[in-house]
1. How would you rank 209, 159, going from fewest to most other Cβ atoms within 10 Å of each one's own Cβ?
2. On average over all directions, what projected area in square nanometres does the range 47-146 have, based on the convex hull of its Cα atoms?
3. How many times 2.2 N^0.38 Å is the alpha carbon radius of gyration of the range 205-274?
4. Taking the chain as a Gaussian network, Cα atoms linked when under 10 Å apart, which of 277, 223, 195 shows the biggest mean-square fluctuation?
5. What does the C-alpha gyration tensor say about the overall shape of the range 251-302? Classify as rounded when a/c is under 1.5, otherwise prolate if a/b is larger than b/c, or oblate.
6. Rounding to the nearest 10 and keeping the result within 0 to 90°, find how far the Cα-based axis of helix 11-23 lies from the longest principal axis of the chain.
7. Can you tell me the orientation of helix 213-225 relative to the chain, as the angle in degrees between its alpha-carbon axis and the longest Cα principal axis, to the nearest 10?
8. Please give the calculated 222 nm ellipticity per residue for the chain, where each DSSP H segment of at least 4 residues contributes -39500 (n - 2.57) and the sum is spread over every residue; nearest 500 deg cm²/dmol?
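A short reminder: the numbers here are calculations on the coordinates, not readings from a lab. Just so we're clear, the structure is a prediction, and the values are computed from it rather than from any experiment. Because the Cβ atoms are built from the backbone with ideal geometry, glycine has one as well, and the counts that use them run over all protein chains shown.
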């Protein structure tokens, strides 16, 4: 089996590569693509490409004969809002070009597309399920939803075997880019670990959806090998996540680091509360039935995110 990971140098991609090399039966070749060179892989199954995944020459070399392609590369959240042209180039044009290239050269390839919970609109209903309508307000969410629809259509027509997975807030990225509005959710993990004070721009009772990078990486690996007959018409859904208040998250962090001298305080900002602290409970029946993983509880989330 040949698998290609696009965005393999990122936070999720690097963890995913390790998971697939260690745990995927029958994996013969793992192709890693990113703008930055991949390093540290001594496994003879690994082939690396450095560059833009939409480059026609790179596509010809990297994707030929792929059984599965996992597309993680994207312009995220606030960066997409700040630069619409760049976001469209990567999140729409390059992504659709890749789908069409695979359609023409490797029909029925399993394509696992990293979508986002930003496809949902605000305000959300009292509980979010697989039947909850989408209605993104942000550019990022809208572009991801466009590609969900395209991939679902390609799958319906038998051109590809696509699957769009919507991860929640993936924890925890050390040194998270401050330009990302969600960066505070990762920074609190390392602030408590290192005994550094931090101010959170939400209420203690603000509620959000979180998942560990370990769970997300394993879920994308699972999506790459899931039997097509198990999917049926289900081609886009939210991955399992914990629905936690920030107070619950901080309490778990202090249990993990009981000697921490960090002081966590709250200064709510209305826009950030609306974006990241106004989530109702979520049910992920489709993902659960297909065997996708979830963190057990807040303590499990913290352990997997930090370690």
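1. 159, 209
2. About 7.6 nm², averaged over all directions.
3. 1.58
4. Between 277, 223, 195, it is 195 that shows the largest mean-square fluctuation.
5. oblate
6. Helix 11-23 sits at roughly 60 degrees to that axis.
7. Between the helix axis and the principal axis of the chain, the angle is about 20 degrees.
8. -11000 deg cm²/dmol, from helical runs alone.
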